[in-house]
Amino acid sequence: MTTPLVEMRDISIAFGGVHAVDHVSVDLFPGEVVGLLGHNGAGKSTLIKILSGAYRADSGQILIDGKPVEIHNPRDARACKIETIYQTLALADNLDAASNLFLGRELVTPLGFVDDDAMEAETRKIMARLNPNFRKFSVPVSALSGGQRQSVAIARAVYFDARILIMDEPTAALGPHETQMVAELIEQLKAQGIGIFLISHDIHDVMKLCDRASVMKNGKLVGTVKVADVTDDDLLGMIILGKPPTRAA
Amino acid sequence: MAEISQNTPKKRGLIEALDLDMRLIGMIGALLAIALAFNLATGGNFLSPRNIFNLTIQTVSVAIMATGMVFVIVTRNIDLSVGALLAICSAMMAMTQARWLPGALGLELGSPLIAPLTVLVGLAVGTLIGAMNGWLIGYLTIPAFIVTLGGFLIWRFAGWYLTSGQTIAPLDQTFLLFGGAEGTLGETWSWIAGLALSLVALWAIWSARRSKLAHEFPVKPLGAELALAGVAVAAILGFVAVLNAYAIPKGKLRRMFEAQGLELPDGYSAGHGLPFSVLILIAVAVAMTLVARKTRFGRYIFATGGNPDAAELSGINTRMLTVKVFALMGFLCGLSAIVASARLQSHANDIGTLDELRVIAAAVIGGTALAGGSGTIYGAILGALIMQSLTSGMGMVGVDSPLQNIVVGAVLVLAVWIDIQYRKRWGKP
């Protein structure tokens, strides 16, 4: 059996007495998409923010390629080749696409000044691949449509050779055509051996895109199932009742 | 059909192709309108070399601090303590040069060491207090408004205790060179400085164009680029010419010659040229613009102002960034204190009173948005110049001092309203 790309073991975090995540363990293999399902407030976003460095777990362990790692902040996560597409997209609206794509990792000239032209050139290259219709390179991202903003956030996550990708509700704000583009992108990234955590509350998305699904309820892990082994109703039962399906257990 | 639909974007396309900054043009237009109106009302006195010289050196102190205030406001903070900080820096420097160095350390009055040591003390005090403000705001998460409101009350009166409330004068002769009229480059060196600045401007325009061409990005038409370069060079050299045209008064010339043991030759005259304080402002403007546009620090300032959460998630240490921004603000207050106290040739307790409001107003008139995320260095400097022009213009025309403040206040509100309309219309952040 291969080593998981990511293992989150026995993770707990509490905010002022509320156990947002309570002894949860999930794992992810290379080239796999694992869906994280649950109601609002089930703890899935919190769990994933521990992996992306936005929060620090009170207890538990994170292993990458079987080795324990310490992730204290977003910089540590990036160093572990973990990239995140946040539900809010986390874009600085007043900056252009290239500045957002390279935010925190600017390309600099030999004198140490930021090299805007080089960053724009790189942005044009990756956008030609991800969203060929994207033209607005020199305006602030506040002037872009929802789909265009999403593609900037996606470009930022995939540009830096991520091995582990976290997508928090990537299609929530998108139209059908753009949702299809995201689905195709996920297939491409899987083929490259990238592991993806996909947070969603849309069961159909998960059934279509994921290999396995982990369901959370009230901060606890209900169970992890192979998507091929279960029906929509089984997953729905796990989300609502908080019990693993008897057949697949 | 195609022809019709092409028509409207073309007009807008021309402005975009030239990449003209409408806000910059608007502010220069406003400044010119004010200057011409006062010039008419004062029978040509307002735009005389002498008045332009005075206007410039009066603006320097507020303008230097306004460039720092841009960064503070862009990161969604405010600094109400800059006037008080200027006062404590000035008090520390006055004590250093007039009391401590000559007294305790036994340096002779007029020793060449006094001025540099004094300057170092002023800059260090400003930077340290600024960094402390930043630490209270960034790490202890006390709102900037409160921290600097406290500082506003604390620092001016800390300076008061330091000097026992006395006005300290005279100051060191070398130190006074930073004030403006006492320290100028003279005509020849002013031309050389003007030419050097022109070359820097031309090089900046040329290298930006070359980089764009290397990446095969669209560039402005060559003619437009040359025209802009011409305007820049003409503005720089025109400014130098005006300052050179302001002749040094006969009595002062005679004293300058006597100081060197010479006699003033008959019919000899000399112009002031660029004051050192204005050179400092130019250096600050260039450096701060570079920081804002071409460094990671500047990029992070604007990113944090645009979306603090996104900046944090991108791995930017926004707390440390706050400390750095306020430390820079403090450093600039120290620099302004040098210019202000040297210009007044003394330290008094009321130095820099109300400067915090002038500095904030300059930044805001210059298009810095209090919501954070947008602002320019040149805008803040032009804002300071517009306010100073209004104040001294009204003074020359004989407007009562209460009315002067009323007008400046109304202009502030009007400027922000115009800026809001501009943002709506052009969709600029």
In whole Hz, the Karplus estimates of ³J(HN,Hα) for segment B:123-131 (6.51, -1.76, 1.60; θ = phi - 60°; x where Gly or Pro) are 5, 5, 4, x, 4, 5, 5, x, 4
Computed ³J(HN,Hα) along segment B:132-147: with the Karplus parameters 6.51/-1.76/1.60, θ = phi - 60°, integer Hz and x for glycine or proline, the list is 5, 3, x, 5, 4, 7, x, 8, 8, 6, 7, x, 4, 4, 6, 4
Plugging the Cβ-Cβ distance of A:Ser25 and B:Arg293 into 1/(1 + (r/R0)^6) at R0 = 60 Å yields, to the nearest 0.05, a FRET efficiency of 0.80
If N is the residue count of segment A:112-181, its Cα Rg over 2.2 N^0.38 Å rounds to 1.16
Placing each pseudo-label 7 Å from Cα in the direction of the beta carbon, A:His39 and B:Ala41 end up separated by a distance in nanometres of 6.9
Of A:Val152, A:Val182, A:Val69, the most mobile residue in a GNM of chain A (C-alpha springs, cutoff 10 Å) is A:Val69
Using a 1.4 Å probe on heavy atoms of the protein chains only, the accessible area for A:Asp161 in Å², nearest 10, reads 110
Rh_Kirkwood(segment B:184-274) over Cα pairs, Å, one decimal, evaluates to 15.7
Shape descriptors of chain A over alpha-carbon atoms, Rg and Dmax in angstrom, are 18.4, 64
extent check for segment A:101-229: Cα max minus min per principal axis, descending, whole Å, gives 55, 30, 30
Given unit charges at Cβ for Lys, Arg (+) and Asp, Glu (-), the dipole magnitude of the protein assembly as shown about its Cα centre in debye, nearest 20, is 620
When chain A is treated as a Gaussian network with springs between alpha carbons less than 10 Å apart, the largest mean-square fluctuation among A:Gly16, A:Gly31, A:Gly53 is found at A:Gly16
Given the candidates B:Trp206, B:Ile192, B:Pro265, the one whose Cα lies deepest towards the positive end of the charge dipole of segment B:184-274, counting +1 at each Lys or Arg C-beta and -1 at each Asp or Glu C-beta, is B:Trp206
The answer for A:Glu106, listing residues at least 5 apart or on another chain whose modeled amide H is closer than 5 Å to its amide H, is none
As a percent rounded to 5, the proportion of antiparallel DSSP bridges among beta bridges in the protein assembly as shown is 60
Scattering profile of segment B:21-107 from the Debye formula, Cα beads only, expressed as log10 I(q)/I(0) at q = 0.20 Å⁻¹, is -1.03
Label model pair B:Asp309, B:Ala214: point-to-point distance (7 angstrom along the Cα→beta-carbon line) in nm is 3.9
Convex hull around the C-alpha positions of the protein assembly as shown: the volume in Å³ per residue is 207
With the dipole of chain B defined by +1 on each Lys or Arg Cβ and -1 on each Asp or Glu Cβ, the option from B:Val242, B:Ala371, B:Gly315 whose Cα lies farthest towards the positive pole is B:Gly315
Residues whose modelled amide H sits under 5 Å from the amide H of A:Leu28, counting only those 5 or more places away in sequence or on another chain, are A:Leu5, A:Val6
Of the listed links A:Lys49/A:Lys81; A:Lys67/A:Lys125; A:Lys125/A:Lys226; A:Lys136/B:Lys294; A:Lys125/B:Lys424, those spanning more than 26 angstrom between alpha carbons are A:Lys67/A:Lys125; A:Lys125/A:Lys226; A:Lys125/B:Lys424
Averaged over all viewing directions, the convex hull of the alpha carbons in segment B:314-428 casts a projected area in nm² of 9.7
Among A:Gly147, A:Ala157, A:Thr123, the residue whose Cα sits farthest towards the positive end of the charge dipole of segment A:93-161 (+1 at Cβ of Lys and Arg, -1 at Cβ of Asp and Glu, taken about the Cα centre) is A:Gly147
Rounded to the nearest Å, the spacing of the alpha-carbon centers of segment B:132-197 and segment A:100-178 is 42
Toy charge model, Lys and Arg Cβ at +1, Asp and Glu Cβ at -1: segment B:184-274 dipole around Cα centroid in debye, rounded to 20, equals 240
Most fluctuating of B:Pro170, B:Pro249, B:Pro102 in the GNM of chain B (C-alpha, under 10 Å) is B:Pro249
Unit-weight point scatterers at every alpha-carbon of segment A:55-156, Debye formula, q = 0.20, 0.22 1/Å: log10 I(q)/I(0) is -1.02, -1.13
Under the Karplus relation with 6.51, -1.76 and 1.60 and θ = phi - 60°, whole-Hz ³J(HN,Hα) for segment B:383-390, x at Gly and Pro, equal x, 5, 5, 4, 5, 5, 4, 4
With no solvent term and unit scatterers on the alpha-carbon positions of segment B:128-179, Debye gives log₁₀ I(q)/I(0) at q = 0.15, 0.16 Å⁻¹ of -0.61, -0.66
Sorting A:Ser25, B:Ser164, B:Ser336, B:Ser211 on solvent-accessible surface, 1.4 Å probe, most exposed first, gives B:Ser164, A:Ser25, B:Ser211, B:Ser336
Dividing the alpha-carbon radius of gyration of chain B by 2.2 N^0.38 Å, where N counts its residues, gives 1.05
Simple SL model, points at 7 angstrom along Cα→Cβ for A:Thr109 and A:His72; separation in nm is 3.5
Between A:Val139 and residues 5 or more places away or on another chain, the pairs with built amide H atoms under 5 Å apart involve A:Ala97
Excluding residues fewer than 8 positions from A:Lys44 in its own chain, the lysines with Cα under 17 Å of it are A:Lys217, A:Lys220, A:Lys243
Given 10 °C, 1.306 mPa s and a Kirkwood radius over Cα pairs, the Stokes-Einstein diffusion coefficient of segment B:78-141 in µm²/s is 123
Expressed as a percent, the accessible surface of segment A:93-161 that is carbon or sulfur, using a 1.4 Å probe and the full set of protein chains, is 52
Here the residues of segment B:58-94 lying in the modelled label zone of B:Phe157, meaning backbone nitrogen under 20 Å from a point 7 Å along Cα-to-Cβ, are B:80-92
Note to self: C-alpha centroids of segment A:218-243 and segment A:27-54 sit apart, in Å, by 15
Taking the alpha-carbon centre of each part, the distance from segment B:226-245 to segment A:182-202 in Å is 58
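The values are calculated or read from the model by the stated rules, or taken from the named source; none is laboratory data. Predicted model, so just to flag it, every value in this text is computed and none were measured. A quick note on method: Cβ atoms are made from the backbone with ideal geometry, for glycine too, and the neighbour counts reach across all protein chains shown. Surface areas here come from the heavy atoms of the whole protein model, side chains and all, with no ligands, DNA or RNA. Shrake-Rupley method; radii C 1.70, N 1.55, O 1.52, S 1.80 Å.
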